[in-house]
Amino acid sequence: MPTYLDYLLRRLHDAGGVIEQRRLTLLSDVGPASMIVNCAGLGARDLVPDPALRPIRGQHVVVTNPGLTEFFSEDTGLSPDLLCFYPHGDTVVLGGTAIDGEGVLAPDDNAAAGILARCAEVEPRLAEARVLEHRIGARPTRATIRVESGRWEDGTLVVHNYGHGGAGVTLSWGCAEETRALLFRQVI
């Protein structure tokens, strides 16, 4: 993800975009604007507010690469225990967990041990790999992804784009295109 996010950030800067960071308690605190695109993820729960938004806790373990060159992912159905590994040069990202309704961002040692055991069962070389780090995140999830537009009383166009859960990267280009279309349609 860091490589992909750096790529997207470069594209934004190359197109003249600017990122401003500040803490908001309500989306309306953004100030006067002709249009706002709300991609606040879990923050939308309070900003909008949107009580339908909930976290799904994900945890991955990053280990030294014992020589793997191929990705592996198994469909584990509705289980919160995922099974995948993704080699990235000198490291391998092992996954993972998907715990609905939980947003705690501290590493869970039991979950990490389970991740390592599941992955080593498929690829025994991973049993001896050294743990480098734990990656924990809370995926913003809704029953349906929210990509829709509306106008505030002052005429500000607001397009919401959040709630993708663990499929954020997979759905990002399509949802971005829909967001662009909503902006373009409303501006004409």
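The values are calculated or read from the model by the stated rules, or taken from the named source; none is laboratory data. Everything quoted here is computed from the prediction, not taken from an experiment. Positions of Cβ are generated from backbone atoms using ideal geometry, with glycine treated the same way; all protein chains shown enter the neighbour counts. Just the protein is used for accessible areas: all its heavy atoms, side chains included, with ligands, DNA and RNA removed. Shrake-Rupley method; radii C 1.70, N 1.55, O 1.52, S 1.80 Å.
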Applying the selection to region 17-39, what residues are open to solvent by 60 Å² or more (accessible area, probe 1.4 Å) and of a type outside the set (S, T, N, Q)? VAL18, ILE19, GLU20, ARG22, ARG23, LEU26, ASP29, PRO32, MET35, VAL37, CYS39
Pick from region 121-144, criterion open to solvent by 40 Å² or more (accessible area, probe 1.4 Å) and among the acidic types (Asp, Glu), ranking: farthest from the chain's Cα centre (by Cα): GLU128
Single match in ARG142, ARG135, ARG130 (criterion: in contact (Cβ under 8 Å) with a residue 12 or more places away in the chain, farther than 25 Å from GLY89 by Cα and touching a strand residue (DSSP E or B) at 6+ places or on another chain (Cβ under 8 Å)): ARG142
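Results for (1) over 26 Å from ALA106 (Cβ atoms); (2) hydrophobic (A, V, I, L, M, F, W, C); (3) under 20 Å from the mean Cα position of the chain (by Cα), shown as yes or no for each residue.
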site	(1), (2), (3)
LEU5	no, yes, yes
GLY17	yes, no, no
GLN21	no, no, yes
SER28	yes, no, no
ASN38	yes, no, yes
LEU42	no, yes, yes
THR64	no, no, no
SER73	no, no, yes
Is it true that VAL63 is farther than 25 Å from ASN161 by Cα and among the aliphatic types (A, V, I, L, M)? yes
Can you tell me which of (1) open to solvent by 40 Å² or more (accessible area, probe 1.4 Å); (2) in contact with a helix residue (DSSP H, G or I) (Cβ under 8 Å, 6 or more places away or on another chain); (3) outside any strand (DSSP E or B); (4) of a type in the set (Gly, Ala, Ser) is the one GLY166 doesn't meet? (2)
Under 7 Å between Cβ atoms, which residue pairs at least 6 apart in sequence (or on different chains) link something in region 47-75 that is over 17 Å from GLU133 (Cβ atoms) with a partner that is surrounded by fewer than 15 Cβ atoms within 10 Å (Cβ to Cβ) and among the hydrophobic types (A, V, I, L, M, F, W, C)? LEU47/LEU24; LEU47/LEU26; ALA52/ALA143; PHE72/VAL122
Filtered residue count, region 1-16, keeping only those that are open to solvent by 100 Å² or more (accessible area, probe 1.4 Å) and assigned to a loop (DSSP other than H, G, I, E, B): 1
